[in-house]
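The values are calculated or read from the model by the stated rules, or taken from the named source; none is laboratory data. If you're wondering where the values come from, they're calculated on a predicted model, not measured in any experiment. Positions of Cβ are backbone-derived with ideal geometry, glycine not excepted, and every protein chain shown enters the neighbour counts. Just so you know, the surface numbers come from the protein's heavy atoms only, side chains and all, with ligands and any DNA or RNA stripped out. Shrake-Rupley method; radii C 1.70, N 1.55, O 1.52, S 1.80 Å.
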Amino acid sequence: LPYSIRVLLESVVRNCDGFQIKSEDIENVAQWKKTSQDGVEIRFKPARVVLQDFTGVPAVVDFAAMRDAVKALGGDPEKINPVCPVDLVIDHSVQVDFNRSEDAAKKNLEKEFERNNERFLFLKWGARAFQNMLIVPPGSGIVHQVNLEYLSRVVFDENHWLFPDSLVGTDSHTTMINGLGVLGWGVGGIEAEAVMLGQAISMVLPKVVGYKLTGVINPLATSTDVVLTITKNLRQMGVVGKFVEFFGPGVASLSIADRATISNMCPEYGATVGFFPVDNQSLEYLTQTARDKQKIKRVEKYLKTVGLFRDYSNENQDPHFSEVAELDLGSIVPSLSGPKRPHDRVAVKAMKEDFTQCLTNKVGFKGFGIPADKLSSSVKFAYDGKEYTMSHGSVVIAAITSCTNTSNPTVMLGAGMLARNAVQAGLTVPSYVKTSLSPGSGVVTYYLKDSGVLSFLEQLGFNVVGFGCMTCIGNSGPLPEEVDKAISDGDLVACGVLSGNRNFEGRIHSSTRANYLASPMLVVAYALAGTVMIDFEKEPIGEFDYDGKSVFLRDIWPTRLDIQETEKKCVLPNMFKEVYSKIQEGNDQWKSLNAPSSILYPWNPESTYVQSPPFFKDMTIDLQSFKKIEDAHALLFLGDSVTTDHISPAGSISRSCAAARYLVKRGLKPRNFNSYGSRRGNDAVMARGTFANIRLKNKLVGHEAPKTIHIPTGEELDVFDAAMRYKDEGTQLIVVAGKDYGSGSSRDWAAKGPWMLGVRAVLAESYERIHRSNLIGMGIVPLQFLEGENADTYKLDGKEKFTVNLPDHVEPGMTIDITTIHQTRNKNLIFPMTIRFDTDVELTYFKHGGILNYMIRNIVSN
């Protein structure tokens, strides 16, 4: 068996109780070679759950509301507790308000507490009120890096049992932990909450793609370049819903940080996991990160005993795979990905030409539709006492950020050494470029200081601005007004370059239409250049150094060998020990938070951050019959690749949106709006922010805008306002979409938000795995067009009335009829669609109105 499947097998054997997990689950996993071809369902219990604060707050809110519901139904609210260990890291709310100063991190953290005090108080209550919940306070690091460096057990030692560490997390980049040989992936917040309540995950036994690595990385390339190449390759192969397991002699040459970088971007190449079985490198990493020596010995002995320890140089250990792909690491070249998707890789040497083509290409994932007579547009502006000229391709954001790269000492030290060489050559970064360095843990600043390169990064403007996701999650903060005005006046395609994993439209900053993912070293390089319209092989990165010569990137680029030697000297176990020995304490502001000590949370009706959600309103102990979907209107008519960034409220709250109007009515000024992520605990804000992305392409409207058409009147409205009008009229709602609906980060509000708007079903060509699960978890019906069909097949335009003909007895995967009647054509149409309830368990959750409703009834009944 593939090693990843062996982890599943161990779990089903250990957790087999004849109820949630049955003997046939064991048989199905053991016979994986056959059953994985048949789409067989199994049940899996992860060892723990990992949350970050943006999804952690809704989880704790739901648990608090569930306690209220259980009490209202006559049950014991204290039965609502996490059954398995839950690790919650507060890492998503820091915004880059301050940069290019020594105290930027301190100021940003102070601002974070000022904005989020109420949320933090609530989370601190949760840590006290619920058992098995560990909270890492704000300002400590990024959840996935903290998970890798500190939280991961690799092997659990619990109640006289040894068993493999495994987990699910409420962020799609939970997959990063697979680089250490810990099986884990992202799920919706709703599904994670069920695991916290002791439920096994229902999953289709996956096919496993073996990805063979040979050779060693080119001296000029980085692990970031490797992962961008792998991402493009696997996207082209099609690995959605599959496990990817790495093997081959090339794996042994990759550090755990390199492997974690590759595993991190698993959602971008579409697989469920990108798994690296544990080997000697894994044990060395545990030693490097100051894990207990006796535990490391036990990890090694246990994994070798049960056949979960890997020697990548031994071909006899290579398991059977569903299919195999291969990559020679020596073929990797320096690369970026963009301008709008993580899997659109561009070699650095082709970057100038590619961006030029993107400017004139029609509007799309690789195009901006700039007319030929506007290609040379430029705007002069003054900033910080200097005159500058901005044009298409100008870099205005350069951020060393994200869990993808900041956990990797090789690329972080490489960026620092490049900065040192640049400063010594007399190069500078234009002052209007918003530069920032947001490490994933305090260990990073420790070794950057120890190696002497942090001061050089600071001289180029890359000051530490905080410890969290920051720019990668959309918390890039404001650009200087002069820069925003120049971009707007010239209608320029300005660029962001970041060492992140997501660059979808509207995510990084509303003023950067083009955003490129790159290694931290290339982030520094493009910041120095000030533009992506440069051929580094032919054009100097700076005009002159101290000797009066042109400086090319190759002149200041550090070699991989030099970086690795520095890493050996400067990344030491005592750094990890010192940082993580006090990580749960928090700063003085966290310590001073006086959280309630009650079993039930004392909700504050005036709060604009935390409110009890309406998910369990009017809930009864008895199961209610399904209300049929009849004569529903399409709230939205969408195309392909609509991401959770388009659906779920994310980023800053604009002054003109429905959420802003709600907050203003409650006395808040725009400067205090904060972000949607910080207000995920307030359903009223989140409902108003659903489908509020400025880059939303709704075919009913015909242009990019967070708008829709109220079909009966033809009036263009904000999506929330239209939904409320339909609600007042007693009209049910559906959403029509294309391929890959719900791709991107796993976000529970991408399902909760539509539910709040009254959406009862989604009709799509295909779904992202986690999002489909979340829709079911909220009681929304996911319907899929038959293979080769879509809305165009039936000439749908979104102005029809839709009736979903669900039978009384629904079965997983069954085909049903959809009946439509057009608003103006007055013509009936009937066409088939597949109900995407893939398992009996999913169907059960739906019948209860959602997974949490099911759990409440279960707990009260027992």
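Summary table below
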| item | result |
| --- | --- |
| Accessible area expressed per residue, the range 726-793, with surrounding protein chains retained (probe 1.4 Å, Å²) | 28 Å² |
| Accessible-area order (highest first, 1.4 angstrom probe) of the listed residues D279, D562, D588 | D588, D562, D279 |
| Pairwise FRET efficiency - E326 versus K22, Cβ, R0 = 45 Å, nearest 0.05 | 0.75 |
| DSSP-loop chymotrypsin sites (Phe, Trp or Tyr not before Pro) across the range 675-768, with at most 11 other Cβ within 10 angstrom | none |
| Gain upon complete extension [M814, T428; 0.36 nm per residue less C-alpha separation] | 132.7 nm |
| Between the range 756-804 and the range 171-248, the Cα center-to-center distance that results, in Å | 27 Å |
| Length released on extending from S101 to D535, taking residue separation times 0.36 nm less the Cα-Cα span | 153.1 nm |
| Cα-based reach from K795 at 19 Å (exclusive), listing aspartates and glutamates while leaving out same-chain residues under 8 positions away | D631, D640, E765, E787, D817 |
| Residue-level accessible surface for K795, protein heavy atoms, 1.4 Å, Å² | 150 Å² |
| Label-to-label distance, nm, for residues given as D840 and K568 (7 Å Cα→Cβ offset) | 5.8 nm |
| Simple Cβ-charge dipole of the chain, Lys/Arg +1 and Asp/Glu -1, about Cα centre, in debye nearest 20 | 860 debye |
| Antiparallel bridge percentage (DSSP; both residues within the chain; nearest 5) | 45 percent |
| Cα-based convex hull, the range 47-200, per residue volume (Å³, whole number) | 122 Å³ |
| Portion, in percent, of the accessible area of the chain that falls on carbon or sulfur, probe 1.4 Å | 47 percent |
| Protein-only accessible surface order, largest first, of H173, H703, H160 at 1.4 Å | H160, H703, H173 |
| Relative contact order for the chain, counting Cα pairs under 8 Å that sit 6 or more residues apart, in percent | 14 percent |
| Residues of type lysines that K380 reaches as a straight line, Cα spacing below 28 Å, ignoring anything fewer than 8 places off in the same chain | K340, K352, K362, K366, K434, K485, K538, K549 |
| Estimated 222 nm signal from helices in the chain, with DSSP H stretches of n ≥ 4 weighted -39500 (n - 2.57), rounded to 500 | -9500 deg cm²/dmol |
| Loop chymotrypsin sites (Phe, Trp or Tyr not before Pro), the range 523-602 (other Cβ atoms within 10 Å of the site Cβ: 11 or fewer; DSSP) | Y546 |
| Accessible area expressed per residue, the range 338-579, with surrounding protein chains retained (probe 1.4 Å, Å²) | 36 Å² |
| Paramagnetic label zone (point 7 Å from Cα along Cα-to-C-beta, S313; backbone N under 18 Å) in the range 258-290 | 277-285 |
| Rotationally averaged projected area of the range 31-133 (alpha carbon convex hull; nm²) | 11.2 nm² |
| Amide H within-cut-off set for S441, under 5 Å, with H built and near neighbours excluded | I142 |
| Residue (of V146, M133, A69) at the positive-pole extreme of the range 30-176, dipole from beta-carbon charges | A69 |
| Over the chain - Rg/Rh using Cα atoms and the Kirkwood inverse-distance radius | 0.95 |
| Volume per residue that the Cα convex hull of the range 338-579 spans, once the total is divided by residue count, Å³ | 121 Å³ |
| Dipole of the chain, positive direction: furthest Cα of V168, V804, G210, with charges on the beta-carbon | V804 |
| Å² of accessible area per residue within the range 78-148, as computed with a 1.4 Å probe and no ligands counted | 32 Å² |
| R0 of 30 Å, Cβ-Cβ distance N361-K739: FRET efficiency to nearest 0.05 | 0.90 |
| Sites R655 and S488 - FRET efficiency at Förster radius 22 Å, r taken between beta-carbons, to 0.05 | 0.90 |
| Relative packing of 490-496, 204-210, 825-831, 138-144, which averages over residues the other C-beta atoms within 10 Å, highest first | 138-144, 490-496, 204-210, 825-831 |
| Label-point gap, in nm, between T793 and T389 - each point 7 angstrom along Cα→Cβ | 5.4 nm |
| Ranked packing of 191-200, 322-331, 459-468, most packed first, by mean Cβ within 10 Å | 459-468, 191-200, 322-331 |
| Those residues of the range 521-554 whose amide nitrogen sits under 16 Å from the label point placed on V333, 7 Å along Cα→Cβ | 534-539, 554 |
| Set of lysines near K212 by C-alpha distance (under 23 Å), chain-local residues within fewer than 8 positions excluded | K33, K34, K232, K242, K304 |
| Label-point separation, E585 to T559 (7 Å along Cα→Cβ), nm | 4.3 nm |
| Estimated dipole of the range 512-556 in Debye, rounded to 20 [Cβ of Lys and Arg +1, of Asp and Glu -1, Cα centre] | 220 debye |
| Furthest towards positive pole of dipole, N280, P832, G238, structure part the chain, Cβ charges | P832 |
| Area of M237 that stays accessible when all protein chains are in place (1.4 Å probe, Å², to 10) | 80 Å² |
| Of the trypsin sites (Lys or Arg not before Pro) in the range 544-627, those whose Cβ has at most 13 other Cβ within 10 Å and which sit in DSSP loop | K549, K582, K617, K627 |
